[in-house]
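Before any comments, here is the structure.
The values are calculated or read from the model by the stated rules, or taken from the named source; none is laboratory data. It should be emphasised that the depicted structure is a prediction, and the values quoted were computed from it without experimental measurement. Note: ideal-geometry Cβ built from the backbone for every residue, glycine included; neighbour counts use all protein chains shown. Heavy atoms of the whole protein, side chains included, go into the accessibility calculation; ligands, DNA and RNA do not. Shrake-Rupley method; radii C 1.70, N 1.55, O 1.52, S 1.80 Å.
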Amino acid sequence: MIKIKYFDDEIVRIEKINKGDWIDLRSRENLEYLAGSYFEIPTGIGMKLPEGYEALIAPRSSTFKNYGFIIVNSPGVVDNSFSGNEDEWKIVAYALRDGNINKNDKIAQFRIIENMPELEFEVVDSLDEESRGGFGSTGKQ
């Protein structure tokens with residue numbers, strides 16, 4: 001069970017969609033923005049995630065096409081310690097064109113995942129596998 005707080009009674013309630021594994025986030029406000037501006041979009045929600053879980057926030061596939069901004073900390077990470085009474089989830093955005101968002105517009109999506117398991121690192125002089133040619137070397141097609 002996940003506790004959720006709504007910061008506005010008019011925000012459409014969160015629900016898991018039937019197809020896919022991500023859940024939509026909406027804007028709590030009407031916003032206007034100019035190309036080149038940085039702004040935050042309040043989502044109108046806060047959650048108490050279970051111990052050992054975190055949320056990943058990412059743009060929806062249509063976010064840039066519809067609104068002309070990119071989510072600059074994408075994916076965003078919300079850990080379960082971000083669960084105070086005033087801890088509203090926000091989307092950090094950068095506008096590439098002038099635009100506006102209406103209250104309750106779908107602007108991002110999230111999923112809840114388990115935290116990474118405990119890991120240990122060992123320093124070595126070489127790795128055992130054959131090289132693939134370096135980062136970005138697999139070509140365009």
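Just a few scattered comments:
- Single residue of segment 14-32 satisfying the filter (charged (D, E, K, R) and outside any loop (DSSP other than H, G, I, E, B)) that is surrounded by the fewest Cβ atoms within 10 Å (Cβ to Cβ): 32
Here's the yes/no breakdown for (1) among the small types (Gly, Ala, Ser); (2) not in a loop (DSSP other than H, G, I, E, B):
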| site | (1), (2) |
| --- | --- |
| 40 | no, yes |
| 61 | yes, no |
| 81 | yes, no |
| 86 | no, no |
| 103 | no, no |
| 108 | yes, yes |
| 113 | no, yes |
| 122 | no, no |
| 127 | no, no |
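- Any hit, segment 49-59, residues being under 13 Å from the mean Cα position of the chain (by Cα), under 20 Å from residue 116 (Cβ atoms) and of a type in the set (Val, Ile, Thr): yes
- Which numbered condition residue 81 misses (of (1) of a type in the set (S, T, N, Q); (2) within 30 Å of residue 117 (Cβ to Cβ); (3) surrounded by 19 or more Cβ atoms within 10 Å (Cβ to Cβ)): (3)
- A Cβ distance below 7 Å, combined with a sequence gap of six or more or placement on separate chains, defines the contacts here; from segment 32-44, residues that are in contact (Cβ under 8 Å) with a residue 24 or more places away in the chain and hydrophobic (A, V, I, L, M, F, W, C) reach residues that are open to solvent by 50 Å² or more (accessible area, probe 1.4 Å) and in a strand (DSSP E or B) in the pairs 41/90.
- Screening segment 6-39 for residues that are of a type in the set (Lys, Arg) and either at pLDDT below 90 or in contact with a Ser or Thr (Cβ under 9 Å, 6 or more places away or on another chain) (or both) and picking the one that is farthest from residue 108 (Cα to Cα) gives 19.
- Residue 4 vs. criteria in contact (Cβ under 8 Å) with a residue 24 or more places away in the chain, closer than 21 Å to residue 113 by Cα and either open to solvent by 60 Å² or more (accessible area, probe 1.4 Å) or not in a loop (DSSP other than H, G, I, E, B) (or both): yes
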